[in-house]
């Protein structure tokens, strides 16, 4: 009996050792390509494959992100090195005259590094100014101030003003649009199909608008950050993530879930919109008067209608309306703050790309919801009702966008 037990234990031990050796061998096989790659890169770095060393200066790519005017008599230029090698800023000129400057953390900016250049320059309010940076190799890079305005004070008064601005252009329009809920609730199937198609049209316009804004901002990024691929990849990843989250549920999404999805997509869009408003106001590129606030209200009021439409097939409570309004509109408040005090082209590109991806996924979800409604009542998915609603949605957004642009 003992011999048999010993034999079984020995066999189990051998199998355990075999599995351990198998794992070690697998790890070794996985590490082998990495080690060979490291050796090959080291060979290229030290041997240079026999090519002669180049005497040409390295390519330089210095991007001026923004020019701030923190106080009278002082400029702040924020730059980033997007080239393959460090760049040294040797001279700074403002309006064709060279000026002394201080640069933090140092005059030599590493690859993908950033710096802040402070220039004691007597800028003139409401006038444009041009800044030129000269590197140690003689290459020049420029930036400009279109309208000279002092940077908003970093105090609680300015904080609440920016927060209130985001509330005006984000929360208020969405809340007003939600007031259409009782009207939409009384519509029949064809009326609902028209409004849902209208919602799809609104969202498609938002998707195109957000995507183009993301690509425009990406074009201002240093080449080393690969802004355009970042936009497409972030948008596609957002679509996949939102769809993966919803795919775990059995059956179709509930009307409340569809409304929440729409509010999320619109909220991400409004965050990007708030970023642009806050940054533009800080840089003096737009005069945020009452007319502009009215324009944004007209442009965004249809977003509340888009959120409210799916709720007609549910029994929402007051807390649902409040939560959805905040989800869709409140990100504009955060966006104005970030845009005014901590704006970056990289962050704006990423957030707007995420917003575009979220809206694209919402378009798919609402379209699927609409087609399910039409199929249930044995109506064609494409008809004058749905096509007309879609066209009306795009036309409304385009018309109100013209008001904002004016």
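Bear in mind these aren't lab numbers, they're just calculated from the coordinates by the rules spelled out. On a predicted model such as this, the values are computed, not experimentally measured, just so you know. Reconstructed Cβ throughout: ideal geometry from the backbone, glycine too, with neighbour counts over all protein chains shown.
Cα convex hull, segment 62-145: 77 Å³ per residue, rounded to a whole number.
So how much slack lies between residue 313 and residue 107, counting 0.36 nm per residue of separation and subtracting their Cα-Cα distance, in nm?
Working: separation 206, 0.36 × 206 = 74.16 nm, distance 6.22 nm.
That pair, residue 313 and residue 107, stretches by 67.9 nm at full extension.
Can you sort 268, 164 from fewest to most other Cβ atoms within 10 Å of each residue's own Cβ? Walk me through the numbers on the way to the answer.
Details: 268 27, 164 12.
With the sparsest Cβ surroundings first, the list reads 164, 268.
Applying 1/(1 + (r/R0)^6) with r as the Cβ-Cβ distance of residue 31 and residue 212 and R0 = 41 angstrom yields a FRET efficiency of 0.35. At a Förster radius of 45 Å, what calculated FRET efficiency corresponds to the Cβ-Cβ distance of residue 398 and residue 23, to the nearest 0.05? It comes to 0.15. Taking other C-beta atoms within 10 Å as the exposure proxy, 130, 273 rank 130, 273 from fewest upward.
Does anything in segment 206-238 have its amide N under 13 Å from the 7 Å Cα→Cβ label point of residue 280, and if so which residues? Within reach of a label on residue 280: 213.
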